[in-house]
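See structure below.
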Amino acid sequence: MALTPKVKDELARVPVSQESAQSAEVAAILRFAGGLHLVAGRIVVEAELDSGAVARRLRGMIDSLFGHEPELQVLSPGGLRKTSRYIVRVAEGGEDLARRTGLVDRAGRPVRGLPPKVIGGTILDAEAAWRGAFLAHGSLTEP
């Protein structure tokens, strides 16, 4: 197994008990692997990930923290894609999730960067944000 999948698998198993740290990790994953879509005038939050363990972790955190049960879709390898991809999607309650994670402001406009509660949070929040960013879109090269 290559280095990046090993590290992502290990990080996806790190226990996080503090809710603010879990929220920071979710916010970072959605910021770096996610997107907002308008479907029939409603916001749908979606994240595309390259690890099943990360997708299951994100799905579980969204469900436990925000009370939304995300869909999990697996895209099989094919064409230019050599490995499976995992889509975590929140359609019902997407606007609420986007607002609570700082992806949009109170008026529903997209926001840049991570929310102030993550940036100005505790050390655990900062660690969680870095972990989320790596889990979302990070890669390592072997020496």
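On inspection, T141 fails the criterion of being polar (S, T, N, Q), open to solvent by 40 Å² or more (accessible area, probe 1.4 Å), touching a residue at least 40 places away in the same chain (Cβ under 8 Å) and closer than 15 Å to E25 by Cβ.
In the set A98, A128, A47, which member is under 20 Å from D9 (Cα atoms), among the small types (G, A, S), out of contact with any Phe, Trp or Tyr (no Cβ under 9 Å at 6 or more places or on another chain) and modelled with pLDDT of 90 or more? Before you say what the answer is, go through the steps one by one.
Working: A98 fails: under 20 Å from D9 (Cα atoms); A47 fails: out of contact with any Phe, Trp or Tyr (no Cβ under 9 Å at 6 or more places or on another chain).
The unique qualifying residue is A128.
Among the candidates S23, S64, S51, which residue alone is more than 12 Å from the chain's Cα centre (by Cα) and hydroxyl-bearing (S, T, Y)? Only one candidate passes the filter, namely S64. Taking the criterion of being surrounded by fewer than 16 Cβ atoms within 10 Å (Cβ to Cβ) and in contact (Cβ under 8 Å) with a residue 12 or more places away in the chain, the residues of region 97-115 that qualify are G108, P110, G113. Report, ordered by the first and then the second residue, all pairs with beta carbons closer than 7 Å, sequence separation of six or more or different chains, a first member in region 1-26 that is touching a residue at least 12 places away in the same chain (Cβ under 8 Å) and open to solvent by 50 Å² or more (accessible area, probe 1.4 Å), and a second member that is acidic (D, E) and part of a loop (DSSP other than H, G, I, E, B). Listed by first residue and then by second, the contacts come to L3/E142. The lone criterion from (1) assigned to a loop (DSSP other than H, G, I, E, B); (2) within 18 Å of G138 (Cα to Cα); (3) touching a strand residue (DSSP E or B) at 6+ places or on another chain (Cβ under 6 Å) left unmet by H68 is number (2).
Across region 88-143, the number of residues qualifying as charged (D, E, K, R), under 25 Å from E71 (Cα atoms) and touching a Leu at 6+ places or on another chain (Cβ under 7 Å) comes to 1.
Taking first residues from region 44-71 that are in contact (Cβ under 8 Å) with a residue 60 or more places away in the chain and buried (at least 19 other Cβ atoms within 10 Å of the Cβ) and partners that are among the hydroxyl-bearing types (S, T, Y) and not in a helix (DSSP H, G or I), the Cβ contacts under 6 Å between residues at least 6 apart in sequence or on separate chains come to L49/Y86. Taking the numbered list (1) in contact with a His (Cβ under 8 Å, 6 or more places away or on another chain); (2) at negative phi; (3) open to solvent by less than 60 Å² (accessible area, probe 1.4 Å) in turn, G93 passes all entries but (2).
The values are calculated or read from the model by the stated rules, or taken from the named source; none is laboratory data. Not measured: the values here are computed from a predicted model. Positions of Cβ are backbone-derived with ideal geometry, glycine not excepted, and every protein chain shown enters the neighbour counts. Remember, those area values only see protein heavy atoms, side chains included, never the ligands or the DNA or RNA. Shrake-Rupley method; radii C 1.70, N 1.55, O 1.52, S 1.80 Å.
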